[in-house]
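Student: Before I ask anything, let me first share the structure, which is written out below as structure tokens.
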Amino acid sequence: QETRERILRSNGGLNAFERGKRIREIFPELADEIIRLANQDLEGMLVLPGTGPEPFFVGNPPKWTDNPCGDFEYTYSLNRMFHTKRLSEAYSLTGDEKYAEKAISELSNWIDTVKCPPLMKADGTYDLEAFDCCSPWRALEVGIRGYRSWPIMIENLIDSPLFTEELYNKLLESCRKHCEVLYRISPRLWPKADHNHYIMENLGLLSFVLLFPELDENGAMLMHAEKELSRCIQNQCTERGGQIEGCPSYHNGSVYWFSLRNTISRKYRLNVPDEYTESLKKMFAHSVHATRPFGGNFPWGDSHTADKETMSLAAVACYMATGDREYLQMAAYFYPQSTINADLRDNLWRFSDIKKLKDDYAFALSSPLCPDLPNMEWDKELKQVYMRTGWDKNAIGIMTACRTPIQNNHAHMDPGGFDFVAYGEPLVSDPGIYTYKNDENRYHFKSTGWHNCAMINSHDAWEYKGSWRYGEQKWGDIITASSDSDSMTVISEHMNYEPVRLKRILSLIDKRFLAVVDIASGMDSKDTLDASFHLNSDRIIIRKENSVITEKSQKPNVALFSAGSSRLEILNARISTGNDIWHDSLIARFHKSPDSNGKAMHAALLIPLETGEAISSPVCFSAQYDENSVSLSFCFSGIEYSIHYNGEKATLRKKEIN
């Protein structure tokens, strides 16, 4: 009864059925979608990592520890119990006991069959490996159940006649074990508070002890969770607002996780430090920069491009945390209503004022807000640069980074790589994530050769040892990033092919053309400098040995020109937009041999073409370089362009030609 009363107080005096009725009245379409998905859940049909895009039978009750797909993420996702949360929401919406019966039976079955490993080894030390391996009791899953599924399930199910005192006592004991793992094990796994897992693990602890304060009689666990969440944002948010792992998906996820501290704390009338919320707002600005001009993430590292952990999620999160509808307005500028709906749908029971959400959301959809931010963003700590020609959706956008050594193994092997989009279409693309499963696909999507990188002898920039293991990485960094009215230029260098030094110049010229210049020094006579360009197309036209144009029907295309003599190789590849989703693509790789001084340069010019646009006359592209400078020249649409790079600056000259 005390727990029931606590739940009522924290939800403004409304029980689960009253909240569900209000949600169904105000958001009928979202409620219907939850019920539709819950009906699949009733049948044990789920979409999980490794199952492909169609629902897969997980058992009735689920076989919690089986892994029929051979993908660790299957085990992790199933045991996060999102589907049982959804069943509890369907019960809140409808009052139909079949949803409660299924959710409660699965919760009870999980507690009975999936036992927590001992925290301590026989020698009296903590068994960290038992909570950092593929298990339903991995500390991350413990935390996710704590903040994302179990508390909402309990709030929605506690008034069901099937929610007995026996179940309650059994549940409370399991929650006690969850808290012990999060309080004792997690800080030893993440002593530096420098990983997104630790955010979620402390959120789980915070949620559990606020719902069940009897688990934390002296308040030490609550104090710990609050202190560590503050330490997480201090240690994981860069000066420019980026999350230290450097992956846009995980950055947006971190904005969501950090924001939940504000949302949960407000529910229980706790204060959050002002500096914490200010850091959260700063992180949202980075989320906007990490968004492609037409929406979706720049897919750097383990990042999806669209429909999962995008700026839409970050916007919903910051709106939940602050109540400021401008976040929803910016989401509406970049994303269709269906994307924002999905992010709202998963969080409807977190909103205390559903009517305000409805009004603010309607205003946002009718008044999308274009960001008022600079066109170039350089996060020096992340060694990343985002640049674009403007904030319109057809703008040209480029993301590049040269962060080595990496922060953690969510990073891919792509020093100096880039992602290039224009006119609403990815043209020369980062390949994305596809899978976490330790197989050949995971290697390819992380490999240097499938990214828009320069290589030596077509080798990876460092050793790939497995899905979550790399060999040693050497120094790399963004040397400079500059912008003026004619061009935006980024220069990076790295030593991952030591003794060879690789330097890359990326320059967006005249708000239209992308020049990519790679310079290698310290090469052996038998070495080759290899520059790869991952084309978002499975059809190309090769006009000459140094000229490639993609051939996509009724979509923008890109023309790629290589200066001077080089050998062209075309490779089959794939580009992924989400887990278990990919489409065919092609890689154009140019090979250059060194001169007698052990140096080689490859220069490429990328020209985006709008739908239906063709290149009517030859593009005569040439390049020269010496010890301190690089010069490029080309002709396009009756104009001759000359670009000179001297150190950090780019100088552009244009003249009309007959």
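The values are calculated or read from the model by the stated rules, or taken from the named source; none is laboratory data. Here the structure is a predicted model, which is why all the values come from computation and not from measurement. Cβ coordinates were reconstructed from backbone atoms using ideal geometry, including for glycine residues, and neighbour counts include every protein chain displayed. What goes into the accessible areas is simple: the full protein's heavy atoms, side chains included, and nothing from ligands, DNA or RNA. Shrake-Rupley method; radii C 1.70, N 1.55, O 1.52, S 1.80 Å.
So that you can scan it fast, the table gives a plain yes or no per residue for (1) open to solvent by 40 Å² or more (accessible area, probe 1.4 Å); (2) within 21 Å of the chain's Cα centre (by Cα); (3) within 17 Å of Thr310 (Cβ to Cβ); (4) of a type in the set (Lys, Arg):
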residue: Met330; (1), (2), (3), (4): no, yes, yes, no
residue: Tyr335; (1), (2), (3), (4): no, yes, yes, no
residue: Ser352; (1), (2), (3), (4): yes, no, no, no
residue: Lys355; (1), (2), (3), (4): yes, no, no, yes
residue: Ala364; (1), (2), (3), (4): no, no, yes, no
residue: Asp379; (1), (2), (3), (4): no, yes, no, no
residue: Tyr386; (1), (2), (3), (4): no, yes, yes, no
residue: Thr404; (1), (2), (3), (4): no, yes, no, no
residue: His410; (1), (2), (3), (4): no, yes, yes, no
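Student: For Arg653, state whether it is over 28 Å from Ile456 (Cα atoms) and open to solvent by 80 Å² or more (accessible area, probe 1.4 Å).
Tutor: Judged against the criteria, Arg653 is a match.
Student: Could you tell me which of the residues Leu560, Leu606, Leu568 is open to solvent by less than 50 Å² (accessible area, probe 1.4 Å), under 25 Å from Asn536 (Cβ atoms), among the aliphatic types (A, V, I, L, M) and free of Cβ contacts under 8 Å to residues at least 40 places away in the same chain?
Tutor: When all the criteria are applied, what remains is Leu568.
Student: Test Gly638 against the stated conditions and say whether it is small (Gly, Ala, Ser), farther than 20 Å from Leu568 by Cα and modelled with pLDDT of 95 or more.
Tutor: In short, no.
Student: Answer yes or no as to whether Thr448 is in contact with an Asp or Glu (Cβ under 8 Å, 6 or more places away or on another chain) and modelled with pLDDT under 95.
Tutor: Criteria not met by Thr448.
Student: I would also like to ask the following. Is it the case, given these coordinates, that Gly578 is in contact (Cβ under 8 Å) with a residue 60 or more places away in the chain, out of contact with any strand residue (DSSP E or B) (no Cβ under 8 Å at 6 or more places or on another chain), open to solvent by less than 20 Å² (accessible area, probe 1.4 Å) and of a type outside the set (A, V, I, L, M)? Don't jump to the end; show me each part of the working.
Tutor: Working: in contact (Cβ under 8 Å) with a residue 60 or more places away in the chain: yes; out of contact with any strand residue (DSSP E or B) (no Cβ under 8 Å at 6 or more places or on another chain): yes; open to solvent by less than 20 Å² (accessible area, probe 1.4 Å): yes; of a type outside the set (A, V, I, L, M): yes.
Answer is yes for this residue.
Student: Identify all residues within the range 88-117 that are open to solvent by less than 10 Å² (accessible area, probe 1.4 Å), under 17 Å from Arg36 (Cα atoms) and without any contact (Cβ under 8 Å) to a residue 60 or more places away in the chain; write none if there are none.
Tutor: Listed by number, the residues that qualify are Ala90, Ala103.
Student: For the range 293-328, name all the residues that are touching a Gly at 6+ places or on another chain (Cβ under 7 Å), at pLDDT 95 or above and open to solvent by 10 Å² or more (accessible area, probe 1.4 Å).
Tutor: Listed by number, the residues that qualify are Phe294, Trp300.
Student: Answer with yes or no whether Leu205 is in a helix (DSSP H, G or I), within 30 Å of Cys402 (Cα to Cα) and open to solvent by less than 30 Å² (accessible area, probe 1.4 Å).
Tutor: no
Student: Same structure, new question: I'd like to verify a number: residues in the range 520-543 that are in a strand (DSSP E or B), of a type outside the set (Phe, Trp, Tyr) and open to solvent by less than 30 Å² (accessible area, probe 1.4 Å), how many?
Tutor: Result for the range 520-543: 7.
Student: Of the conditions (1) out of contact with any helix residue (DSSP H, G or I) (no Cβ under 9 Å at 6 or more places or on another chain); (2) open to solvent by 30 Å² or more (accessible area, probe 1.4 Å), Glu226 clears all except one; give me its number.
Tutor: (1)
Student: Out of (1) open to solvent by 10 Å² or more (accessible area, probe 1.4 Å); (2) over 20 Å from Thr75 (Cβ atoms); (3) touching a residue at least 24 places away in the same chain (Cβ under 8 Å), the odd one out for Glu165 is which?
Tutor: (3)
Student: Can you find a residue in the range 140-154 that is touching a residue at least 24 places away in the same chain (Cβ under 8 Å) and either in contact with a Pro (Cβ under 6 Å, 6 or more places away or on another chain) or more than 21 Å from Thr84 (Cα to Cα) (or both)?
Tutor: Looking through the range 140-154, none of the residues is touching a residue at least 24 places away in the same chain (Cβ under 8 Å) and either in contact with a Pro (Cβ under 6 Å, 6 or more places away or on another chain) or more than 21 Å from Thr84 (Cα to Cα) (or both).
Student: Is it the case, given these coordinates, that Ile587 is among the β-branched types (Val, Ile, Thr) and buried (at least 17 other Cβ atoms within 10 Å of the Cβ)?
Tutor: So Ile587 passes the test.
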